[in-house]
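The values are calculated or read from the model by the stated rules, or taken from the named source; none is laboratory data. Please read all numbers here as calculations on a predicted model, not as lab measurements. Please note: Cβ atoms are built from the backbone with ideal geometry, for glycine as well, and neighbour counts cover all protein chains shown. The protein model used for the area step is the full one, side chains on, heavy atoms only, and it has no ligands, DNA or RNA in it. Shrake-Rupley method; radii C 1.70, N 1.55, O 1.52, S 1.80 Å.
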Amino acid sequence: QVQLVESGGGLVQAGGSLRVSCAASGITFSRCAMGWFRQAAGKEREFVGGISWSGGTIYYEDSVKGRFTISRDNAKNTVYLQMNSLKPEDTAVYYCAADWNVGSPSRLLYEYDFWGQGTQVTVSS
């Protein structure tokens, strides 16, 4: 049984930082490209960034470049999203997703095989 569990969300002031984590189980984590997505109220789910299964390739959406950092620790079956210089417009539910047996991350939602339940990140002004 594959399970992805996000954690670390919460309330943070604008300009602050937060790190969300995604722990995977029931899957060979090192064989999965991982993606981070977010969905704000009233908006569609959008790509935030992704990381290849070895961590050598990382992509970010333009709106978060320079502020967010994705990393992974395959020994811990965990992928991270470090969010710095947070803005109110970053407020959303953040989801991680796994693309099984695919090395490079995709920005397309339908490419991913498994999804977490999401964690709420709220940035106050």
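Taking residues in segment 24-41 that are closer than 11 Å to residue 109 by Cα and of a type in the set (Phe, Trp, Tyr), and partners anywhere that are part of a strand (DSSP E or B) and open to solvent by less than 50 Å² (accessible area, probe 1.4 Å), the pairs with Cβ atoms closer than 6 Å and at least 6 places apart or on different chains are 36/48; 36/49; 36/81; 36/96; 37/47; 37/48; 37/95.
Here 45, 38 are screened, and the one residue that is among the charged types (D, E, K, R), under 28 Å from residue 13 (Cα atoms) and buried (at least 18 other Cβ atoms within 10 Å of the Cβ) is 38.
With the condition kept exactly as written, say whether any residue in segment 25-37 is β-branched (Val, Ile, Thr), within 20 Å of residue 121 (Cα to Cα) and modelled with pLDDT of 95 or more.
Of all residues in segment 25-37, those β-branched (Val, Ile, Thr) come to 27-28.
Of the ones still in play, those that are also within 20 Å of residue 121 (Cα to Cα) are none.
The answer is no; no qualifying residue exists.
The residue of segment 79-107 that is least open to solvent (accessible area, probe 1.4 Å), among those that are in contact with a Lys or Arg (Cβ under 7 Å, 6 or more places away or on another chain) and among the β-branched types (Val, Ile, Thr), is 79.
Selection within segment 48-78: residues that are out of contact with any strand residue (DSSP E or B) (no Cβ under 9 Å at 6 or more places or on another chain) and loosely packed, with under 14 Cβ neighbours inside 10 Å. The member of this set that is farthest from residue 118 (Cα to Cα) is 56. Of the residues 86, 81, the single one that is more than 14 Å from residue 34 (Cβ to Cβ), modelled with pLDDT of 95 or more and not polar (S, T, N, Q) is 86.
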